Structures are given as structure tokens and as C-alpha cells.
Amino acid sequence: MRRLLIFLLAALAALFPVTAQAERVRDLGAFQGVRTNQLTGYGVVVGLAGTGDDNLEYLTQAMRGVSGRMGVQLPPGVSPGLKNAAAVMITADLPAFAKPGQRIDITVSTIGKAKSLRGGALILTPLYGADGQIYAMAQGNLAVGGLGISARDGSQLTVNIPTVGRIADGASVERTVATGFETGEVLLFNLFNADFLTAQRVRDAINLRFPGTAALDDGVSIALRLPSGADARSSMMAAIEMIGVTPAETAARIVVNSRTGTVVINSAVRLSPAAISHGKLTVRIEENPAIIQPAPLSRGETATQQDSSISTEEDGNHVALFKGGASLAKIVDALNLLGVSPSDLVAILEALKQAGALKAEMVVI
């Protein structure tokens, strides 16, 4: 009886296909306006052990500006020795809803001839947004993971990148970026990847939970009509983000990395009936020169006699037959049987596409 029950359960499982795993809405896209903002700034790092920029003109100007803010005026026409300072660019990401007083991480990179930022400290520097406004102030001691050493004879040793450092919580937020999410009548939810079927499923899942809330704007955006007020809107947005949705199957695509020879084929790739013949012709040329000595008591000269041999060898002359609708697993097994290299694999896939047997997009990166 137990064996019969197990057999019936296995038969029922075979009749019903396994559905794809649902993903959360928050993993498929993001609300428009709720994003990070990039900040940049130009500053000076001091306290270096002789690994700075020395007398670069833009560093000298920066140091004059810093000294002026401190009440110290450098004599005109004097170019200070700045071997212990370096001109740097500071970059940071300002998170959404960051409030004044909060701290963010910053990255500091040299823009001149400085050899290392190890042991340096960043002088107070404003960080600007794309609109030219100051959104944060940066300052602090750098943490540098790289190491650069040079000897008097010119030999050098560099480990990692010593000209880039980070300062954890190195900037304090001074201005809030207005998102307008709590005031707009309609808030857009944008998918990371454009797909009409996925957008439709997200819309239907949201309307099932909150009827009449979502409407399609296009293949990327879903327009959401949310209640006014930051508290009610935030609560509803949090609930929408946790709704489970099964995204549409991705389009058939083959990605080829031309620099490394890496080839990635997704599970949607299928083949029409096709046959592949792959062979490798190897030509070998061997040179075995021989030295010819003249006979005794003759006027001949020592010479070299050339002895060449040419041979050819053809390997891998196999033919693989694909039936219609061949899956990714069958494609990989057959190509492994042929023993193709990554470069040969790209040539085979291109030939299949030209023959009309491969219905997939090929992306070369």
C-alpha cells in the first residue's frame, strides 16, 4: 500500500510542472526618486611621508586657498615645497533620505604624481552634487590598502593601489535631497529590466493586494496611486515591495567576452535541427640541420645541410546532430564532446545563427 501511494504521488508530481520561484517586487525594480546621488569634491591630503605631488601648480593654488581660510597668507611668488601633500578627488554616494548630521563613506584618489596616500589626512573639503550645491563636508584620516616602495637605484615595488584610500564615515551630510515621494499624486515604480510581461505581472500582483492602485505606463514603469502623507505612503510602499511576483522568462541570449573568451548561454536558448562538424588541422614543420665536414686533405669548407620534415594531423572530425528544440544541457554536452575551445565555440554559435538554427541574441562585451 505504501509503495502504491509513493507511485501515485510521483505520477501526480510529473503531471504538474514546477513553477518558477517568485521574487519580491523590491528585487525587480525601484521607486522613482528613491535613489542614491553622487557627490564629488576637490581637496588636499597632508601628512604624507614624502610621497606627495611636490610643486604642482594646482596643488600650490589649493594650498594657498586652504592657508587663506586658516588666516595664513603665503608670500606672493613663493612656491612652497609640498612633497608631503597631494591634490585629490573625493567621491561619495549620498543615500536616499539622508538627513543632516548623518555620516557617509568617502573615497579619496590622487589626481597628480603622488606615489602614495598612506598615513595622510584629508583637510576639510565640501562635496558637491550635480546641481552645484554643497551636500556634505569631508575630513579625516585615510585608510589605504596599497603599498608603494622605491629604492635609490630606481627599483620599485607596488602592492595593490596606494594612491586610493577610503575614510569610513568620512563625511557629514549637510543638506537633504528632496525626493517628493510623499507629495506626488502618482509614484512610478521602474523595473530594472524592461519586460512587458513582467510589468503586467507586477501590476496584477499589486492590484490583487491593493485594488485599483497600479496601472502600466510602459514596459518599464508601473504608475502607482498611493495615499497622501508620508506615514501612510511609506507603509503602503513597504507592503508593495514585499509582494511576490514570478517574472517572465528572460529572452534567449548568449554573452561573449571577447577579452577573456568567456561564453555564457542562458536557459532560454534553443536550437532548430542542425548538424555541426568541427575539426582541427595541425601542421608541424621540423627542422633538423646537419653539419657537413669536408674530406681530409681537401679544399672543401664546413657547411650546413638543411633537413626539413612536414606533417599534418586532423583531430576532432566529429559531427554532432541537434534535434529541434535542443536545450542548453544538450548543447553543452554536444560541444564538450567535440572538445571545442572558447574561441571555437564562438565561431560555432555565430555559424548556427547565420544558418538560422539559433534563435538568440548574441552580445559581445
Query raised in the report: Applying 1/(1 + (r/R0)^6) with R0 = 45 Å to the Cβ-Cβ distance of residue 304 and residue 355, what FRET efficiency is obtained, to the nearest 0.05?
Result: 0.30
Report task. Using only alpha carbon positions, build the gyration tensor of region 186-245, then give the equivalent ellipsoid semi-axes as the square roots of 5 times its eigenvalues, largest first, whole angstrom. Result -> 19, 12, 10
Query raised in the report: How do the peptides 198-206, 240-248, 226-234, 42-50 rank, highest first, by the average count of neighbouring beta carbon atoms within 10 Å per residue?
Result: 198-206, 42-50, 240-248, 226-234
**Report entry** Cβ crowding within 10 Å averaged over residues, with 212-219, 120-127 ranked highest first
**Finding:** 120-127, 212-219
Query raised in the report: Between residue 98 and residues 5 or more places away or on another chain, which pairs have amide H atoms under 5 Å apart, with H built 1.01 Å from N, and which residues are they?
Result: 177
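Read-outs throughout are calculated quantities, based only on the coordinates presented, and are distinct from any laboratory measurement. Because the structure is a prediction, the values reported are computed rather than measured. FYI the Cβ positions are ideal-geometry reconstructions off the backbone, even for glycines, and counts take in every protein chain you see.
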